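Everything on this sheet refers to the single structure shown next.
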Amino acid sequence: MLHIAIVDDNPSDIAIIKEYLTGYFKKRAGSSPIDYTLSAFQDGFSFLSSFSCAAYDLVFLDIYMPRMTGIDVARRMRLVDDGVKIVFLTTSKEHALESYSVFASAYILKPIAENQSLFVSALNRLLPDEMMSGRKLTVHLAGQSTLEIPFARILSVDCNNTRNAVVHLEDKDIPTQNTYQELSALLATDERFLECYHRLTINMDYVTSMEEDLFHLKGNHTAPISRRKKKEVKQGYLQYLLDK
């Protein structure tokens with residue numbers, strides 16, 4: 001499931017954004033409905049109280065809000081989650097350059113009706129088909145809490161010295177209480193994932209190149225290729241490229 005948040009102090013603007021998103025997903029889905037949630041907040045504080053790593057896939061932020069601006073909200077978000085996509089929807093170009101400091105994915109001026117093509121192109125770019133499929137991995141964390149991680153954001157999964165699985169995103173590592181066997185079995189049901197080494201599964205969408213004994217992944221990460229399974233691993237990766 002795709003999780004989207006809208007943070008805007010103007011209820012009318014929230015309603016308009018919801019209307020455009022509903023129309024976009026209906027048109028893009030065709031005969032296969034897209035599973036998503038829309039959560040709305042009228043100030044940054046209430047939003048941040050519900051925010052955690054991987055809680056949302058996409059967040060629409062107004063900039064001019066009382067007590068805390070959208071830029072300030074985004075800065076606090078980035079302390080927790082470097083991967084969530086942020087789109088600013090606001091009435092002024094004044095903070096466009098500043099939005100780069102929080103790695104915003106788009107900056108669109110209101111009203112949306114006057115910039116509808118930018119709105120649609122941003123969604124097309126930020127929500128690739130694999131993310132729209134909505135598959136998520138549910139992991140158990142310390143303290144009996146759970147976390148849903150989109151398959152599309154998982155770089156790799158391996159295990160630590162206690163044999164518990166660690167989920168690696170491009171920007172952070174998430175230790176879990178699950179065993180590696182549990183999570184690797186779930187990931188094996190998705191064609192993007194390949195066990196390239198003993199207790200190491202990678203997301204092939206993140207592979208940038210393959211050497212004799214090594215995969216290079218986005219973000220300067222690497223993953224070794226098992227000598228014993230080298231032929232099988234390489235064939236699996238090449239077949240994945242052919243099938244894409």
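Data overview
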{"quantity": "Positive minus negative residues near Glu212 (Lys, Arg vs Asp, Glu; Cβ under 13 Å)", "calculated": "+2"}
{"quantity": "The chain - mean residue ellipticity at 222 nm from DSSP helices (-39,500 (n - 2.57) per run, n ≥ 4, rounded to 500)", "calculated": "-9000 deg cm²/dmol"}
{"quantity": "Amide proton proximity set for Lys136, modelled H, under 5 Å, gap of 5+", "calculated": "Phe151"}
{"quantity": "About the Cα centre, charge dipole magnitude for the chain (Lys/Arg +1, Asp/Glu -1 at Cβ), debye", "calculated": "520"}
{"quantity": "Residues with amide H under 5 Å from that of Leu217, placed H, sequence gap 5 or more", "calculated": "Thr208, Thr222, Ala223"}
{"quantity": "Derived scalar couplings ³J(HN,Hα) [the stretch 158-174; Karplus, 6.51 cos²θ - 1.76 cosθ + 1.60; whole Hz; x for Gly, Pro]", "calculated": "9, 9, 9, 5, 8, 6, 7, 6, 10, 9, 9, 9, 5, 10, 6, 10, 10"}
{"quantity": "Computed over the stretch 136-243: relative contact order in percent, which uses C-alpha pairs under 8 Å that are six or more apart", "calculated": "18"}
{"quantity": "Calculated FRET value between Leu214 and Ser12, using beta carbons and R₀ = 51 Å, to 0.05", "calculated": "0.40"}
{"quantity": "Helix axis angle, 70-80 relative to the chain longest principal axis, alpha carbon, degrees", "calculated": "20"}
{"quantity": "Of Tyr107, Cys159, Ile149, farthest towards positive along the dipole that unit charges on Lys, Arg, Asp, Glu beta carbons give the chain", "calculated": "Cys159"}
{"quantity": "Sequence-separation-based contact order of the chain, relative, with Cα cut under 8 Å and 6+ spacing, percent", "calculated": "12"}
{"quantity": "Dipole of the chain, positive end: most advanced residue of Tyr56, Gln177, Thr201 [Cβ charges, Cα centre]", "calculated": "Thr201"}
{"quantity": "Entries of Lys85/Lys234; Lys26/Lys136; Lys18/Lys93; Lys93/Lys136 with Cα pairs more than 29 Å apart", "calculated": "Lys85/Lys234; Lys93/Lys136"}
{"quantity": "Förster radius 35 Å - calculated FRET efficiency between Ala96 and Asp243, Cβ distance, rounded to 0.05", "calculated": "0.30"}
{"quantity": "Dipole magnitude of the stretch 121-244, debye to nearest 20 (Cβ charges: Lys/Arg +1, Asp/Glu -1, about Cα centre)", "calculated": "200"}
{"quantity": "Residue-count net charge about Leu48 - beta-carbon cut-off 15 Å; Lys, Arg +1, Asp, Glu -1", "calculated": "-2"}
{"quantity": "Whole-Hz couplings from phi, Karplus 6.51/-1.76/1.60, listed for the stretch 83-89; x for Gly and Pro", "calculated": "x, 4, 8, 10, 10, 8, 10"}
{"quantity": "In Hz, Karplus ³J(HN,Hα) per residue of the stretch 38-51 (6.51, -1.76, 1.60; θ = phi - 60°; x = Gly, Pro)", "calculated": "10, 10, 10, 9, 9, 7, x, 5, 5, 5, 5, 5, 9, 8"}
{"quantity": "Summed residue charge, Cβ within 15 Å of Arg163's Cβ, Lys/Arg positive, Asp/Glu negative", "calculated": "-1"}
{"quantity": "Calculated FRET efficiency for the pair Ser46/Glu182, C-beta based, R₀ 30 Å, to 0.05", "calculated": "0.30"}
{"quantity": "Cut-off under 5 Å, modelled amide H: who pairs with Leu169 long-range", "calculated": "Leu155, Ile174"}
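Readers should treat all values here as calculations from the given coordinates under stated rules, not as data from a laboratory. All figures in this text were calculated on a predicted structure; none of them were measured in a lab. Heads up, the Cβs are rebuilt from the backbone with ideal geometry, glycines too, and the neighbour counts pull from every protein chain shown.
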